[in-house]
Amino acid sequence: HLLQLLVIEDLNQRYRRSVSLQLTLEREQARLRETIDELERTRAHLISQEKLATLGQLVAGLAHEMNNPAAALLRNSERLEETLGSLLGTEHDGFDPDLAFPIWKEGLQPVTGHFSEQRERMEKLEKQLPGINRSLLRRLAARSEPALELMEPIVRRAAAEENPRLVVPGIECFEAGLFVHTIQLTSGRIGDLVASLRNYARPESSESHTIDVRQGLQDTLLILGNRLKHFHVETQFEDLPPITASPGELNQVWTNILVNACDAMGDPTGGIVRVKARKIEDPAPAIEVTIEDSGPGVPEEIKEMIFDPSFTTKTRGKDFGLGIGLAISQGIIGKHDGALSVGNSPEG
């Protein structure tokens, strides 16, 4: 009986120690989870800060990128208003109204051809219409070949009657189509910029999405258009399978590397940026994105430190971001089960 009491007491003490240890372990696990959550929040905050710092410095470039098509949109809409006012508010004797629509449709098409071809047309038309002024001659010669073919009867009549002004309605019909075509292009350009900015700057969530890596690269190149405009940018995108990833985080990676490429090249004269994306099978199926620049390369002495958060070559007030872009990029790529590496091409 005494031995039984001793065994029960011993088991009771062991149970108490086990419960105490389990409670301690649960408390440590809870603290560890809190620490991990805090680290994740800090990481997300750093990524957000880096993105906002970059976006803040991109605002001027984006404003410039949008200002050009916006100004063209306004200018062409004003010219279209003037042209339509002239066409609809004036009687045009001798102009076949059945030609107006086909000539206008030709104006909607992109005008191709070299300046030398336009000069040849000017010389030919000047012989047909010797009394035509230079301004009207240039406007007429700027028409596409199909439009000039449609206007041939008008040109012949103007030559026969020695009245070059008879060609004005045909020119204005073509220009009205041309102005509409330009308005479509410029408004499309603004729409592309806005869509790319929305894709780039959208808030991150814990959920991943099925994405096309090429679209993210194209959005980033468009957002960085003002920064890259002095460089020669080459892209080579193969057909890629969709992947599950965080698009905003990957766009931040492309931005960080492209901005570093621009900084590395310094003088943009003759600078080349190459962006490639392809599918690889070895050692495992994956997507490989390569961003190359024609700069001097990464010095060997800093290659090992380039992904260190405490290391930066950025100078205050001069460069994009916070100087921790590559460290953040490495973390993002690692989160997506990938690897980020840097190297110098043997060709230089």
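The values are calculated or read from the model by the stated rules, or taken from the named source; none is laboratory data. Just so it is clear, the structure is predicted and the values come from calculations on it, not from any experiment. Here the Cβ is made from the backbone with ideal geometry for all residues, glycine too, and neighbour counts use every protein chain on show.
Please work out if GLU117 is modelled with pLDDT of 80 or more and in a helix (DSSP H, G or I). So GLU117 does not fit the description; no.
The criterion of at least 2 residues that are of a type in the set (Gly, Ala, Ser) and either in contact (Cβ under 8 Å) with a residue 40 or more places away in the chain or closer than 17 Å to ILE103 by Cα (or both) is met by the following helices (runs of 4 or more DSSP H) wholly inside region 121-202: 168-201.
Restricting attention to region 297-348 and to residues that are at pLDDT 65 or above and on the phi > 0 side of the Ramachandran plot, the residue that is surrounded by the most Cβ atoms within 10 Å (Cβ to Cβ) turns out to be GLY297.
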